[in-house]
Every structure is written in C-alpha cells, then in structure tokens.
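The values are calculated or read from the model by the stated rules, or taken from the named source; none is laboratory data. The model shown is predicted, which means the values in this text are computed figures rather than measured ones. All Cβ positions, glycine included, derive from the backbone under ideal geometry; neighbour counts span all protein chains shown.
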Amino acid sequence: MSVHRNIITISEGIQIETEIVLPEADTNRVVILCHPHPLYGGNMDNPVIISSSAKLNHSGIATVRFNFRGVGGSSGIYDEGKGEISDTIDVIKYVVSSPTFFDINRSVGLLGYSFGAKVALSVASQYRGLKSIALISPPDVEKGFDFSAINMPKLLVAGDEDQFDAHKSVESLEFNLPKPSKIKIYPDDHFWLNEVEKMTGDVNNFFIDSL
C-alpha cells in the first residue's frame, strides 16, 4: 500500500493536514476518519483512529485521516464544531474529485470517534452521497437535530462503562435515526483500552459490507 501525507487547501483558505493510504489493488472504497476533540488532545494519530484505519487498509479499503483546523499541521483555530463540519465536507469533496484515488465512482464512508462522531453525524445530515457511517462513542446531539436525511447504513458503538455516557447516547440516536442502523456495546470505557481490536474489527466488517 502507498501512504501520502498531504496538505490540502479547503474553503476559507484553510490548509488541512491529511494522510491518505491507498491499498495495492485498485479500489473505489474510501473511508474518511474524524478524530476526537481538538481541545483535549484529539488528532488524526489517535490510537482508535489509527487502529480503525489500519484494519480498513488491510481489507483493501482506502482511508483518509486528517486533522481538523488548528490541529497539528492544519491551519486555523478550533471553531466549536461548525468549522470542523466544514472541514470534513471539504475533505469529502476532495476525495470525490481527486486524481489520487483509483476509481472515478468512489464509494465513500465516514467514521467519527467521540467529538469526531458528532461532527460526522452532522456532516451526514448535510452532505448527500455518503454510502455509510460509523459512530464510535458518540456524544448526544442537541434537541431539534434533524435526523431525516441520515438514511444510509449506520453503525453505533460504545463501551458500557463510558465515562461520558456514550452507551446511552447510542441508544437515543438509534431510536431517532432512520433505519437501517445497528448498535454494538462492548465491555470498555470511552478510551477503548480493552476492546479496541474487537471493536475496530467490527467497524471494519461493517464498512466491508456497506461500501
């Protein structure tokens, strides 16, 4: 497989640091990964993001990890979620149009962990064209959130000892989200120190089936 560490310029002139991993065989399947909260050390090298990406790559799926604005080599500053949603949509548009990827008809999935899951959910409500979405340890969403457009296959996972009650969030989200969606709960907490291999393996299998 080949690894491409790039800086891409998106709207507002912000530069986003990315790492694109392409499998050896041609593929039209790509998963974009959104990392945890920038103000609490979240970045694209988070262990859960790294493990998820590696499993997808070994299954022949291309991945794009990236740093939200103001993180690592990305310019700009934290924007309370609004700018991070814009970052993600622009990265998706880059993936869809970039000659870096093999196939013109790309099948794009989105994965988010913690804060990144909240961003991913908002992106899925706004951007048409995602094939599937996986949310790892998602926080709950604000009252009045519009779930109606999120009708692609969805996987929601959390640990049963999550310090921020993500296991309760996935049950609430599953109730409100259009079908199809699936929940998986593991004996772990928010930081996935015990079940990360099993959990990311299940996420990988979800994308194999849904992209």
(request) Would you check if D26 is of a type in the set (D, E), out of contact with any strand residue (DSSP E or B) (no Cβ under 7 Å at 6 or more places or on another chain) and touching a residue at least 60 places away in the same chain (Cβ under 8 Å)? (result) yes
(message) Just to check your reading of the model, which residue among V196, V170, V157, V203 is under 16 Å from the mean Cα position of the chain (by Cα) and either of a type in the set (S, T, N, Q) or within 20 Å of G81 (Cβ to Cβ) (or both)?
(response) V170
(request) Quickly run through segment 110-131 and pick out the residues that are of a type in the set (G, A, S), more than 10 Å from the chain's Cα centre (by Cα) and under 21 Å from A62 (Cα atoms). (result) A124, G129
(request) Check S114 against each of (1) of a type in the set (S, T, N, Q); (2) in contact with a Pro (Cβ under 8 Å, 6 or more places away or on another chain); (3) at negative phi and name the one condition it does not meet. (result) (3)
(request) Pick out, from segment 107-211, the strands (runs of 3 or more DSSP E) lying fully within it that include 3 or more residues that are out of contact with any strand residue (DSSP E or B) (no Cβ under 9 Å at 6 or more places or on another chain). (result) none
(message) Let me confirm something: among T9, T63, which residue is modelled with pLDDT of 95 or more, loosely packed, with under 14 Cβ neighbours inside 10 Å and polar (S, T, N, Q)?
(response) T9
